[in-house]
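The values are calculated or read from the model by the stated rules, or taken from the named source; none is laboratory data. Note that the structure is a prediction, hence the values are computed from the model and not measured. Reconstructed Cβ throughout: ideal geometry from the backbone, glycine too, with neighbour counts over all protein chains shown.
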Amino acid sequence: MSPTPSPAGTPGKRGPSRRGFLIGGALGVGAAATGASVFAANNTTAQAASADTFTYPDLLSGTTSGGVTAYTLQMQAGTHEVLSGVTSSTMGFNGSYLGPTMKWTNGQSVQMNVTNNLGADTTVHWHGAHVPAKVDGGPQVAFSDGATWSPELTVNQDAATLWYHPHALGTTAEQVVKGLAGMIIVEDDSAATAALPSDYGVDDIPVILQCLAVDSSGDIKYNLSGYLTANLKFPVLCNGVNVDSTTLTFTATKTRTRLRLLNASPADIITVSRTDGGTTTQIATEQGYLTAATDVTSIRLVAGARAEVVLDLTAAVTLQAVITTGWVKGGSGTYEFLTITPDASDTPAALPASLNSIERYDTSAFTARTITLSQSGLTMLINGVAGTTMAAMESNMITTTLDAEEIWTVTNATQLEHSFHLHDVPFQIVSVDGTAPTGADVGWKDTVEVVGGSTVKIAMKFTDYADSTYMYMLHCHILKHEDEGMMAGLMVESS
Ligand SMILES: [Cu+2]
């Protein structure tokens, strides 16, 4: 039932129909979650969606009172078919696998009520959110089974595609690979936001891609001993649906479709492109819009990375994901995961000539800092220290001050791939091995690939939030590396 991934360069073929994914019948777009499902399909009729129909997480409704919108997330165990026809033990937010999408608006006051029913400590990090460290969801604020964490925050950033996932010490990989991940859409009042597709599930589509490691019994692996299991399979999922031998179908009722791509894999790199070799129009990187829409033939997403694209559809387009192993073992091959077929007669207006103004930092007066990613055997280090305990994180903490302007030289002293993620503020790539970025790489980032032996310079300004108790984190988003110590604290103190 679960074929071995096709070798690189060989497109995945449509296989036998996957068993029913939707639980509780056809869910209308935007419908509240019913039963154990947090998914909807683009199926507005009363008929059940076909097994190959693209599904996507429901939009989570908040409750607004006194100017604060409250969202409820239940972290719970469940089961899900990560391999077609095989039941895996999984975890999800408000369901068995993955979580609902949240829409935040710049300036909005939000209260999250997150209940832990996992039987283990956890936290939830709002990946890419510019919020105080106390509500950022790092390991310092881990909460135990049965507890509810209720951070309040004010959305304070431009439009972007963020995500949320656990971030407790030593358990992040296990909890994320078992399904604890969801998307956050931040909207703002910019002209670009007004001009771009924004009808969730209609022309604004979340695409959460994952490549996992699973044994034939469906046990999802997350650590070294698990990855050393014989005969592992590396299934590829789109919004939680296995696409190893299935191409999902989506009918676009608007000519212009916006896709929000997230690589929620624990390690592997996912490169998205059209099977016909055509271009997609990239509009955003992790932390917001590009200065202008940019035609690209492929988008390479390291673990934790996001991108937004739009497609103006005149005919069906099939998207493929090329999987590149991000760790010593991992997936590979090419998977045709989604065919979008237009059923639309509208003519969209031209995209705005300018989506955003990005002032490139003049880093000549920025404070320089060195971040070295290294390893000692199986222990992963930042600046020589393994961040596997809070004590280690404090001893190795980077301390900066509010309004500091910094340029970091991030050197990968290993031969392994790393995906460098900084909490709190967006950064700009200054150079990769001495070469200035071009194209979409000049956009705002919070996650950047650092290949083995390379050096990436990034620049950032620590605006808005000072604290002397709660740290942000900087770490590798290859989750095994994070759990194995490639993480350090960052304290932004008042100046
Ligand atoms: Cu790493």
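Side notes on the structure shown:
- Within the range 294-316, the residues that satisfy the criterion of being β-branched (V, I, T) and buried (at least 21 other Cβ atoms within 10 Å of the Cβ) are I299, V302, V309, V310.
- Pair list, Cβ under 6 Å, 6 or more apart: the range 365-391 residue outside the structural domain of F462 (by TED's automatic domain parsing), other residue within 12 Å of the ligand (Cβ to nearest atom) and at pLDDT 95 or above: none
- Only one of the listed residues (A436, A413) is over 25 Å from V385 (Cα atoms), surrounded by fewer than 17 Cβ atoms within 10 Å (Cβ to Cβ) and not β-branched (V, I, T). That residue is A436.
- Flag if A413 is within 16 Å of the ligand (Cβ to nearest atom), at pLDDT 95 or above and in contact with a strand residue (DSSP E or B) (Cβ under 7 Å, 6 or more places away or on another chain): yes
- Inter-residue pairs, beta-carbon under 8 Å, first assigned by TED's automatic domain parsing to the domain that holds Q282 and assigned to a loop (DSSP other than H, G, I, E, B) and in the range 416-442, second within 16 Å of the ligand (Cβ to nearest atom) and hydrophobic (A, V, I, L, M, F, W, C), 6+ apart: none
- Residues of the range 449-473 satisfying the condition of being under 18 Å from the mean Cα position of the chain (by Cα) and either within 12 Å of the ligand (Cβ to nearest atom) or not in a strand (DSSP E or B) (or both): E449, V450
- Members of the range 118-173 that are among the polar types (S, T, N, Q) and within 20 Å of the chain's Cα centre (by Cα): T122, T123, N156, Q157, T161, T171, T172
- Any hit, the range 352-367, residues being farther than 30 Å from L319 by Cβ, buried (at least 18 other Cβ atoms within 10 Å of the Cβ), under 24 Å from the mean Cα position of the chain (by Cα) and at pLDDT 95 or above: no
- Selection count, the range 362-410, where residues are under 26 Å from Y470 (Cβ atoms), away from the ligand (no atom under 16 Å from the Cβ), β-branched (V, I, T) and not in a strand (DSSP E or B): 1
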